[in-house]
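A.B. asks: Below is the structure I would like to discuss, written out as structure tokens.
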Amino acid sequence: MARYDYGPLPYRPAPELSGTASRAPVVIVGAGPVGLTAAIDLARHGIASVVVDDGDKVSVGSRAICWAKRTLEIFDRLGVADRMLAKGITWKVGRLFHGDREVYSFDLLPEAGHKMPAFINLQQYYVEEYLIDRARELGNLIDLRFRSRVTDVAQTEAGVTVTVASPDGTYELGAAWLVACDGSHSTVRRRLGLAFEGTAFEDRFLIADVEMKADFPSERRFWFEPTFHPGETALLHKQPDDIYRIDLQLGPDADPEVERRPDVVRPRIEKAVAGRPFEIDWVSVYSFRCARLARFVHGRVLFAGDAAHVVSPFGARGGNGGIQDVDNLAWKLAAVIRGEAPPALIETYDAERVHAADENIVNSARSTNFMSPRNKAERMFRDELLAVSSHFPAARPLINSGRLSRPASLAPLFGGAPPGAAAPLRPGDPCPDAPLGEGWLLSALGGGFVLLAVGMPAPVVEGVTPLEVSACGTIAERYGRGLVLVRPDQHVAAVWPEGASAETVAAARDAVMEGRGVHALPPRALEDGEDADARYATLLKLHRGLSEEASAALNARLVLAMMAAAGPAVTKEALEAVGATMETR
Ligand SMILES: Cc1cc2nc3c(=O)[nH]c(=O)nc-3n(C[C@H](O)[C@H](O)[C@H](O)COP(=O)(O)OP(=O)(O)OC[C@H]3O[C@@H](n4cnc5c(N)ncnc54)[C@H](O)[C@@H]3O)c2cc1C
């Protein structure tokens, strides 16, 4: 199989250099997956953009491979999912091993009734290639310029000007808005002098793509301390073209120069693939960090994707999070440019996607800490959890090998009531898909305001498309009976289980367009939350800085306090069962 052809992307001199340019409403810096998606989404809303990128190739080497259901739903709305599905490897099951023993498996989409799968694996270069082809189909609205490096940015209240260096000279490009999608080392961010704060992880990881004929099923496989790579973690993913992604944790002291050498890499891979013949396609040694900008909106400059936030890849939240950024942004920016909404609507992008970035950062930081315990107490908890989980299935969900990308619910920002039987969805929730006739609900919702009427007539509201469906089947289960106002990014804007008048619906739509109803929360602390991972993180935090003796005493106190709190639920037999697991230690 021929390896991917990174053939150069075409370049032509910019019209600004010959004085024939016309000003586009939006300039997008960066033609990675996020910048390209932004351009396509804006074009679908009728807004033209110029996309400038310093390279002349799609993404080279081992980068994103796992694309989540929500991202695929967005790509489908933009008319580019079919190719991705046809080429990608569909999967939904993850398997977790401790040593060589399987301890746990999970199914990321156990229910039927969704057009898109839980995940596909597809190399980032294919994703970018397909997005570029789609952008070219919308060519009259998207001006793609490669070999064009942005070197400076200036903005006024009315617009932005970027300085672009190209092979034929340097020129200035003006626009009303700038969407900065120029990646983790963002020039735009640096030129605006914005801090990018967060946590760096010390561990290094060997990330290898190898070509190999093998019969591994289409699943995610993750090992803690496998015999083929003692004391560390390993991850295996299948990709198209008989390529497998192998991630091997190397520890904090690994020397990247040495670890990249073929004579060091090959024996490691040979062990991981149990002696099967393979060829190395690409090898990198990475370390990761979680960081974000304090705000994503800076006047007329709007940050998205890795330029706004970065995470470690365990959870596949980087690229997926970035695509969801521009899904949130494009319709708002289009409405503001068309004069249909005030700039306050753009502020909701900041509140909503900062909230989503925090969710991604919390999850990805916890996964990385679980893989790389930072001290003796954290390692003890990790190792004992892995040991006890083979005896107690209830402990298994605490094992954290990466909490995989899920769509962010914006519901906490709307302060809505918890979902109930009458209205299973809250304002802010992403719309779930469901079969609809011969097709699918999300395809029918499209990219505008829709009033979904389940089992009742939809009032006629200007600027809102009605969609009436009967109150039976999967749609009724997932949405309940009533009216649901859906935003152009397929998030729920409002729910009326008893129905609502045209005036009420129109007022709700106006509130969304005017940026009312969303309350920015204070930034979330890293260990905030109610779920099991948050409790586990709190447990580790309690042990930070304690001596071994104090740590053991704290554990005794915790056990006693929990026994007291649980009362008769902790039986003598239950205690003896945990004690018995020590015999296998
Ligand atoms: C090993 C690894 C595995 C990963 N796996 C996953 C995964 O499975 N799933 C997932 O969702 N994410 C994953 N990620 C993260 C994912 O690759 C990134 O989040 C994603 O590439 C971000 O896209 P972006 O468009 O924001 O930025 P980028 O992809 O970095 O694109 C930025 C673009 O801007 C251009 N640019 C930069 N500076 C300038 C400038 N001054 N002027 C003009 N152009 C400029 C660059 O050339 C580039 O084309 C992984 C990352 C790594 C490293």
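A.B. asks: If you go through the range 365-381 one residue at a time, do you hit one that is farther than 30 Å from THR538 by Cα, more than 13 Å from the ligand (Cβ to nearest atom) and in a helix (DSSP H, G or I)? Working first, answer last.
C.D. replies: Let us first name the residues in the range 365-381 that are farther than 30 Å from THR538 by Cα, namely none.
No; the residues of the range 365-381 include none that is farther than 30 Å from THR538 by Cα, more than 13 Å from the ligand (Cβ to nearest atom) and in a helix (DSSP H, G or I).
A.B. asks: Still on this structure: Might you check whether a residue that is polar (S, T, N, Q) and within 22 Å of the chain's Cα centre (by Cα) occurs anywhere in the range 11-19?
C.D. replies: Going through the range 11-19, the residues polar (S, T, N, Q) turn out to be 18.
Right, trim to within 22 Å of the chain's Cα centre (by Cα) and you get none.
Within the range 11-19 (the criterion being polar (S, T, N, Q) and within 22 Å of the chain's Cα centre (by Cα)), the answer is no, since none of the residues qualifies.
A.B. asks: Still on this structure, I have one more. Can you tell me how many residues in the range 183-193 are within 18 Å of ASP325 (Cβ to Cβ), within 9 Å of the ligand (Cβ to nearest atom) and part of a helix (DSSP H, G or I)? I'd like the intermediate steps shown before the answer.
C.D. replies: Going through the range 183-193, the residues within 18 Å of ASP325 (Cβ to Cβ) turn out to be 183-186, 188-189, 192.
Pick out the ones that are also within 9 Å of the ligand (Cβ to nearest atom) and you get 183-186, 188.
Okay, now just the ones that are also part of a helix (DSSP H, G or I), so 188.
Adding up the residues that qualify gives 1.
A.B. asks: Look at VAL26 and say whether it is away from the ligand (no atom under 14 Å from the Cβ), closer than 30 Å to ALA394 by Cα and either at pLDDT 95 or above or surrounded by fewer than 21 Cβ atoms within 10 Å (Cβ to Cβ) (or both).
C.D. replies: Values: away from the ligand (no atom under 14 Å from the Cβ): yes; closer than 30 Å to ALA394 by Cα: no; either at pLDDT 95 or above or surrounded by fewer than 21 Cβ atoms within 10 Å (Cβ to Cβ) (or both): yes.
Answer is no for this residue.
A.B. asks: On to the next question. Can ASP5 be described as of a type in the set (D, E, K, R) and either surrounded by 17 or more Cβ atoms within 10 Å (Cβ to Cβ) or in contact with a Ser or Thr (Cβ under 8 Å, 6 or more places away or on another chain) (or both)?
C.D. replies: The answer is no for ASP5.
A.B. asks: Right, something else. Failed condition for ASP53, given (1) of a type in the set (Asp, Glu); (2) within 13 Å of the ligand (Cβ to nearest atom); (3) surrounded by fewer than 19 Cβ atoms within 10 Å (Cβ to Cβ), with all others met?
C.D. replies: With (1) of a type in the set (Asp, Glu); (2) within 13 Å of the ligand (Cβ to nearest atom); (3) surrounded by fewer than 19 Cβ atoms within 10 Å (Cβ to Cβ) applied to ASP53, the lone miss is (3).
A.B. asks: Within the range 329-343, can one find any residue that is within 16 Å of the ligand (Cβ to nearest atom) and part of a helix (DSSP H, G or I)?
C.D. replies: Of the residues in the range 329-343, the ones within 16 Å of the ligand (Cβ to nearest atom) are 329-330.
The next check asks that each one be part of a helix (DSSP H, G or I); those that pass are 329-330.
Checked the range 329-343: at least one residue is within 16 Å of the ligand (Cβ to nearest atom) and part of a helix (DSSP H, G or I).
A.B. asks: Of the conditions (1) more than 30 Å from ALA43 (Cα to Cα); (2) touching a strand residue (DSSP E or B) at 6+ places or on another chain (Cβ under 9 Å); (3) part of a helix (DSSP H, G or I); (4) not acidic (Asp, Glu), GLN249 fails just one. Which one is it?
C.D. replies: Condition not satisfied by GLN249: (3).
A.B. asks: Additional query: Within the bounds of the range 270-278, is there any residue that is under 29 Å from the mean Cα position of the chain (by Cα), under 17 Å from GLY61 (Cβ atoms) and not β-branched (Val, Ile, Thr)?
C.D. replies: Keep residues of the range 270-278 that are under 29 Å from the mean Cα position of the chain (by Cα), which gives 272-273.
Filter once more, so that each one left must be under 17 Å from GLY61 (Cβ atoms): none.
No, every residue in the range 270-278 fails to be under 29 Å from the mean Cα position of the chain (by Cα), under 17 Å from GLY61 (Cβ atoms) and not β-branched (Val, Ile, Thr).
A.B. asks: I've got another one for you. In the set THR20, THR90, which member is more than 14 Å from the ligand (Cβ to nearest atom), of a type in the set (S, T, N, Q) and modelled with pLDDT under 95? Break it down stepwise before answering.
C.D. replies: Numbers: THR90 fails: modelled with pLDDT under 95.
Just one listed residue meets the conditions, THR20.
A.B. asks: Sticking with this structure for a sec: In the range 2-55, what residues are closer than 28 Å to GLN324 by Cβ and charged (D, E, K, R)?
C.D. replies: We begin by selecting, within the range 2-55, every residue closer than 28 Å to GLN324 by Cβ; these are 4, 6, 9, 24-55.
Passing the criteria: ASP41, ARG44, ASP53, ASP54.
A.B. asks: Go through (1) over 30 Å from ALA21 (Cβ atoms); (2) in contact (Cβ under 8 Å) with a residue 40 or more places away in the chain and name the single condition GLU172 misses.
C.D. replies: (1)
Per-residue answers, yes or no, for (1) within 14 Å of the ligand (Cβ to nearest atom); (2) within 17 Å of ARG23 (Cα to Cα); (3) touching a residue at least 12 places away in the same chain (Cβ under 8 Å):
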| residue | (1), (2), (3) |
| --- | --- |
| ARG147 | yes, no, yes |
| ALA158 | no, yes, yes |
| VAL164 | yes, yes, yes |
| PRO167 | yes, no, yes |
| CYS181 | yes, no, yes |
| ALA195 | no, no, yes |
| THR199 | no, no, yes |
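A.B. asks: As an exercise: evaluate VAL264 against (1) touching a residue at least 12 places away in the same chain (Cβ under 8 Å); (2) outside any loop (DSSP other than H, G, I, E, B) and give the number of the one condition it does not meet.
C.D. replies: Evaluating VAL264 over (1) touching a residue at least 12 places away in the same chain (Cβ under 8 Å); (2) outside any loop (DSSP other than H, G, I, E, B) leaves (1) as the failure.
A.B. asks: Determine, yes or no, whether GLU211 is surrounded by fewer than 22 Cβ atoms within 10 Å (Cβ to Cβ) and modelled with pLDDT under 95. Write out each step before concluding.
C.D. replies: On the way: surrounded by fewer than 22 Cβ atoms within 10 Å (Cβ to Cβ): yes; modelled with pLDDT under 95: no.
No; evaluated as a whole, the condition is false for this residue.
A.B. asks: Looking at LEU425, is it farther than 30 Å from PRO313 by Cβ, of a type outside the set (Ser, Thr, Tyr) and assigned to a strand (DSSP E or B)? Give the derivation first.
C.D. replies: Working: farther than 30 Å from PRO313 by Cβ: yes; of a type outside the set (Ser, Thr, Tyr): yes; assigned to a strand (DSSP E or B): no.
In short, no.
A.B. asks: Right, VAL265: at pLDDT 95 or above, β-branched (Val, Ile, Thr), in the same structural domain as ALA64 (by TED's automatic domain parsing) and touching a strand residue (DSSP E or B) at 6+ places or on another chain (Cβ under 6 Å) or not? Show your work before the answer.
C.D. replies: Numbers: at pLDDT 95 or above: yes; β-branched (Val, Ile, Thr): yes; in the same structural domain as ALA64 (by TED's automatic domain parsing): no; touching a strand residue (DSSP E or B) at 6+ places or on another chain (Cβ under 6 Å): yes.
It is false that VAL265 is at pLDDT 95 or above, β-branched (Val, Ile, Thr), in the same structural domain as ALA64 (by TED's automatic domain parsing) and touching a strand residue (DSSP E or B) at 6+ places or on another chain (Cβ under 6 Å).
A.B. asks: Mind counting the residues in the range 304-320 that are closer than 10 Å to ALA356 by Cβ and more than 7 Å from the ligand (Cβ to nearest atom)? Outline the logic, then answer.
C.D. replies: We begin by selecting, within the range 304-320, every residue closer than 10 Å to ALA356 by Cβ; these are 309, 317.
With more than 7 Å from the ligand (Cβ to nearest atom) added as a condition, the list becomes 309.
Number satisfying all stated conditions: 1.
A.B. asks: Hey, could you check the range 160-198 for residues that are in contact with a Leu (Cβ under 9 Å, 6 or more places away or on another chain) and among the charged types (D, E, K, R) and say which is farthest from VAL27 (Cα to Cα)?
C.D. replies: GLU197
A.B. asks: Given the condition within 13 Å of the ligand (Cβ to nearest atom) and under 30 Å from GLY99 (Cα atoms), answer yes or no: does some residue in the range 122-144 qualify?
C.D. replies: Within the range 122-144, one or more residues are within 13 Å of the ligand (Cβ to nearest atom) and under 30 Å from GLY99 (Cα atoms).
A.B. asks: Just one of PRO240, PRO267, PRO262 is touching a Lys or Arg at 6+ places or on another chain (Cβ under 9 Å) and of a type outside the set (Ser, Thr, Tyr); which is it? Reasoning before the result, please.
C.D. replies: Numbers: PRO267 fails: touching a Lys or Arg at 6+ places or on another chain (Cβ under 9 Å); PRO262 fails: touching a Lys or Arg at 6+ places or on another chain (Cβ under 9 Å).
Of the residues listed, the single one that is touching a Lys or Arg at 6+ places or on another chain (Cβ under 9 Å) and of a type outside the set (Ser, Thr, Tyr) is PRO240.
Every residue, every condition in (1) closer than 15 Å to ASP133 by Cβ; (2) within 16 Å of the ligand (Cβ to nearest atom); (3) touching an Asp or Glu at 6+ places or on another chain (Cβ under 8 Å); (4) in the same structural domain as HIS491 (by TED's automatic domain parsing), yes or no:
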position	(1), (2), (3), (4)
LEU36	yes, yes, yes, no
SER62	no, yes, yes, no
ILE74	no, yes, yes, no
MET84	yes, yes, no, no
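A.B. asks: Right, next: Report yes if some residue within the range 162-174 is among the aromatic types (Phe, Trp, Tyr), assigned to a loop (DSSP other than H, G, I, E, B) and surrounded by fewer than 20 Cβ atoms within 10 Å (Cβ to Cβ); otherwise report no.
C.D. replies: Of the residues in the range 162-174, the ones among the aromatic types (Phe, Trp, Tyr) are 171.
From what's left, assigned to a loop (DSSP other than H, G, I, E, B): none.
Checking the range 162-174: not a single residue is among the aromatic types (Phe, Trp, Tyr), assigned to a loop (DSSP other than H, G, I, E, B) and surrounded by fewer than 20 Cβ atoms within 10 Å (Cβ to Cβ).
A.B. asks: Checking ARG426 against (1) crowded, with 21+ Cβ neighbours inside 10 Å; (2) in contact with a helix residue (DSSP H, G or I) (Cβ under 7 Å, 6 or more places away or on another chain), which single condition isn't satisfied?
C.D. replies: (1)
A.B. asks: Scan the range 447-468 residue by residue and report those that are under 30 Å from the mean Cα position of the chain (by Cα), surrounded by 15 or more Cβ atoms within 10 Å (Cβ to Cβ) and not hydroxyl-bearing (Ser, Thr, Tyr). If you could, list the steps in order and put the result at the bottom.
C.D. replies: So the first thing to find is which residues in the range 447-468 are under 30 Å from the mean Cα position of the chain (by Cα), and the list is 447-452, 464-465, 467.
From what is left, the residues that are surrounded by 15 or more Cβ atoms within 10 Å (Cβ to Cβ) are 447, 449-452, 464-465, 467.
Matches in the range 447-468: GLY447, PHE449, VAL450, LEU451, LEU452, VAL464, LEU467.
A.B. asks: Being under 19 Å from ARG77 (Cα atoms), among the acidic types (Asp, Glu) and more than 12 Å from the ligand (Cβ to nearest atom) is the requirement here; does ASP281 meet it? Walk me through how you get there before you give the answer.
C.D. replies: On the way: under 19 Å from ARG77 (Cα atoms): no; among the acidic types (Asp, Glu): yes; more than 12 Å from the ligand (Cβ to nearest atom): yes.
No, not satisfied.
The values are calculated or read from the model by the stated rules, or taken from the named source; none is laboratory data. Small disclaimer: the values here were computed from a predicted structure and weren't measured. When we count neighbours, we look across all protein chains shown, and the Cβ atoms used for this are built from the backbone with ideal geometry, even at glycine.
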